[in-house]
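J.: One structure, as structure tokens, below. Some questions next.
The values are calculated or read from the model by the stated rules, or taken from the named source; none is laboratory data. Source: prediction; values computed, not measured. Here the Cβ is made from the backbone with ideal geometry for all residues, glycine too, and neighbour counts use every protein chain on show. Areas reflect the complete protein model, heavy atoms only, side chains present, ligands, DNA and RNA absent. Shrake-Rupley method; radii C 1.70, N 1.55, O 1.52, S 1.80 Å.
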Amino acid sequence: MRPFDYHRSENAGDAVKAAAGDGALFIAGGTNLLDLMKLDLMTPSRLVDINRIGLNDVTQTEEGGLSIGALVTNSDCAADARIRKDYEVLSRAILAGASGQLRNKATTGGNLCQRTRCYYFYDPDMACNKRKPGSGCSAIGGANRIHAILGASDECIATYPGDMAVAMSALDAEVVIEGEGGETRTIPVRDFHRLPGDRPDQDNILEPGELITHVTLPAPAKGRHIYRKVRDRASYAFALVSVAAIVEMDAGRIASASLAFGGLAHKPWHDPAIEDLLTGEAPSEALFDKAADILLADAKGQGQNDFKIPLARRTLKAVLREATGERS
Amino acid sequence: MKDTTLRINGEERKLSADTRTTLLDALRNHLGLTGSKKGCDHGQCGACTVMVNGRRINSCLTLACMHDGDEITTVEGLGQPGNLSPLQAAFVKHDGFQCGYCTPGQICSATAMLQEVKDNWPSNVSESLTGEAELTPEEISERMSGNLCRCAAYPNIVNAIREAAEASS
Ligand SMILES: Cc1cc2nc3c(=O)[nH]c(=O)nc-3n(C[C@H](O)[C@H](O)[C@H](O)COP(=O)(O)OP(=O)(O)OC[C@H]3O[C@@H](n4cnc5c(N)ncnc54)[C@H](O)[C@@H]3O)c2cc1C
Ligand code: SF4
Ligand code: FES
Ligand code: FES
């Protein structure tokens, strides 16, 4: 690990000031950043410790939703009584990720910013445009079993690996961001992560030094909440494909549906055309197949990850069947 | 270099170390507490599990300097020869280990996990998120999935945890 200067902040205002300037990064739980720093894959010259700046509460909003502080741990978020009851998909997604120990440290802000698990991103000896712009992409034509089938570019085919943000995308949550001068801006979670395009080094829309302060959930969405994660082992593994779904039924028809997908792209995938198709329809296998056709219309396998295309179809259909079926 | 004060197993310990020192390395290399083990150093195995302010974490993925004033519990603090904690005794009784390398992490993790269940935290395999947390073998396996055992002593680990949980409820 490279040496760095360590600064502990006591409030958000101090943190954004301390992080202004080149080479500074916030450290929250540290579970992703330190992992990468140990391999010299991230080399901040200054760490701004934000663990004691507050922002560790879940509070009610005037709009009837919830505001989750950036330092709320994944464990506390998943165990929050209001989230368990009204935003089950979010609790479920968090509980499907990492381990008990990691969730105790991982924070809401840090989880959103976690970096890809592409093998070559983790290997300093291999070309990787995300780690070293212009060096090439070793995953194209290489080991790419875990890589993207949607929205990839010629420069990068990595996926965003997280679970929490997939549920937040289905919930249409918003990210509140504070800049150096204390000014704030709000971005839908659906627009927070980027597609790789020709800037795969940029995972999301945060500018250097910007601090995530909160994630805001809208008023609870009625209906059945499901998070289905398919992975290589039953626990403590990243998603190959995941589906977050909130589906409300009315008199045998789908009254509303909100869906987001993990493991498929450089960001949690959300396609409003699928929701438009489903709304107002009676559930059927033919309808679910059409939904999968829309999702996968532009899907492209890279060789080792070709299996994700049928797997995404089957996972989506299984989730829709469960969401629209009789409650057991 | 950075001065940090930690409360470890109820005792105040001062540390003066490079800011890069992980909590795990501080415990093992600076403070002589070698119970916590280093398996992977990357959050992937759980051998380094300790409790910070009552919660289990991977000590390899956090910096010692971030824990100034925090209360740390390691396996040494849970019990000692002749004075074993209920979980330590249950691991011995049920042969919950073979080589023993993962064991300190397993025991710290299980100690905190049983408290999480008492606090009614749900898990990925909980049928309902709003009901009472129940400690079935499936629940124990899921809640302990952050602790790998290369010797695969899993069935005995689950039995040991079950017995300790039943004895404490
Ligand atoms: C073995 C292992 C298995 C895992 N499995 C899963 C899994 O199955 N599913 C899953 O979703 N995740 C998984 N994870 C990833 C884990 O969820 C993340 O490491 C964690 O959520 C990161 O949060 P943190 O607070 O520790 O972030 P940190 O490591 O502290 O920070 C990560 C990044 O975010 C930035 N950052 C942190 N907070 C803020 C903020 N408030 N504003 C702006 N920037 C900020 C930091 O500067 C850094 O660049 C796994 C991790 C490990 C090690
Ligand atoms: S897929 Fe992206 S992260 Fe992986 S090697 Fe290619 S450029 Fe790097
Ligand atoms: S040594 Fe910390 S998790 Fe493996
Ligand atoms: S007893 Fe050997 S690794 Fe678990």
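J.: Tell me which residues, restricted to the stretch A:164-202, are among the charged types (D, E, K, R) and more than 16 Å from A:LEU264 (Cβ to Cβ). Give the steps one after another, and end with the answer.
T.: Pass one, the stretch A:164-202, residues among the charged types (D, E, K, R): A:172, A:174, A:178, A:180, A:183, A:185, A:190-191, A:194, A:198-199, A:201.
A:ASP172, A:GLU174, A:GLU178, A:GLU180, A:GLU183, A:ARG185, A:ASP191, A:ASP198, A:ARG199, A:ASP201, listed by residue number.
J.: If you don't mind, there's one more thing I want to ask. Which of the residues that make up the stretch A:118-139 are in contact (Cβ under 8 Å) with a residue 12 or more places away in the chain and open to solvent by 60 Å² or more (accessible area, probe 1.4 Å)?
T.: Within the stretch A:118-139, A:TYR119, A:PRO124, A:MET126, A:PRO133 meet the criteria.
J.: Applying the selection to the stretch B:119-152, what residues are at positive phi and more than 16 Å from ligand 4 (Cβ to nearest atom)? Write out each step before concluding.
T.: Start the filter on the stretch B:119-152 by keeping residues that are at positive phi, which leaves B:120, B:152.
Answer for the stretch B:119-152, where residues must be at positive phi and more than 16 Å from ligand 4 (Cβ to nearest atom): just B:ASN120.
J.: Now a separate question. Answer with yes or no whether B:LEU6 is open to solvent by less than 10 Å² (accessible area, probe 1.4 Å), assigned to a strand (DSSP E or B) and either among the aliphatic types (A, V, I, L, M) or within 22 Å of B:ILE161 (Cα to Cα) (or both).
T.: Numbers: open to solvent by less than 10 Å² (accessible area, probe 1.4 Å): yes; assigned to a strand (DSSP E or B): yes; either among the aliphatic types (A, V, I, L, M) or within 22 Å of B:ILE161 (Cα to Cα) (or both): yes.
Taking the combined requirement at face value, the residue satisfies it.
J.: Follow-up. Take the stretch A:1-52 and flag every residue that is at the interface with chain B (Cβ under 9 Å from one of its Cβ atoms), of a type in the set (A, V, I, L, M, F, W, C), part of a loop (DSSP other than H, G, I, E, B) and crowded, with 16+ Cβ neighbours inside 10 Å.
T.: A:MET1, A:PHE4
J.: So how many residues does the stretch B:121-138 have that are surrounded by fewer than 20 Cβ atoms within 10 Å (Cβ to Cβ), in contact (Cβ under 8 Å) with a residue 12 or more places away in the chain and touching a helix residue (DSSP H, G or I) at 6+ places or on another chain (Cβ under 8 Å)?
T.: 4
J.: Would you list the helices (runs of 4 or more DSSP H) that sit entirely within the stretch A:61-126 and hold 3 or more residues that are more than 11 Å from ligand 1 (Cβ to nearest atom)?
T.: Numbers: elements: A:74-79, A:81-86, A:88-95, A:100-105, A:108-112.
Result: A:74-79, A:81-86, A:88-95.
J.: Here is a check on your reading of the model: is B:ASP41 surrounded by 15 or more Cβ atoms within 10 Å (Cβ to Cβ), within 14 Å of another protein chain (Cβ to nearest Cβ) and among the acidic types (Asp, Glu)? Lay out the reasoning, then the answer.
T.: On the way: surrounded by 15 or more Cβ atoms within 10 Å (Cβ to Cβ): yes; within 14 Å of another protein chain (Cβ to nearest Cβ): yes; among the acidic types (Asp, Glu): yes.
Judged against the criteria, B:ASP41 is a match.
J.: Please determine whether any residue of the stretch A:215-225 is over 28 Å from A:HIS147 (Cα atoms), crowded, with 17+ Cβ neighbours inside 10 Å, in contact with a strand residue (DSSP E or B) (Cβ under 8 Å, 6 or more places away or on another chain) and of a type in the set (A, V, I, L, M, F, W, C).
T.: The answer is yes, given that some residue of the stretch A:215-225 is over 28 Å from A:HIS147 (Cα atoms), crowded, with 17+ Cβ neighbours inside 10 Å, in contact with a strand residue (DSSP E or B) (Cβ under 8 Å, 6 or more places away or on another chain) and of a type in the set (A, V, I, L, M, F, W, C).
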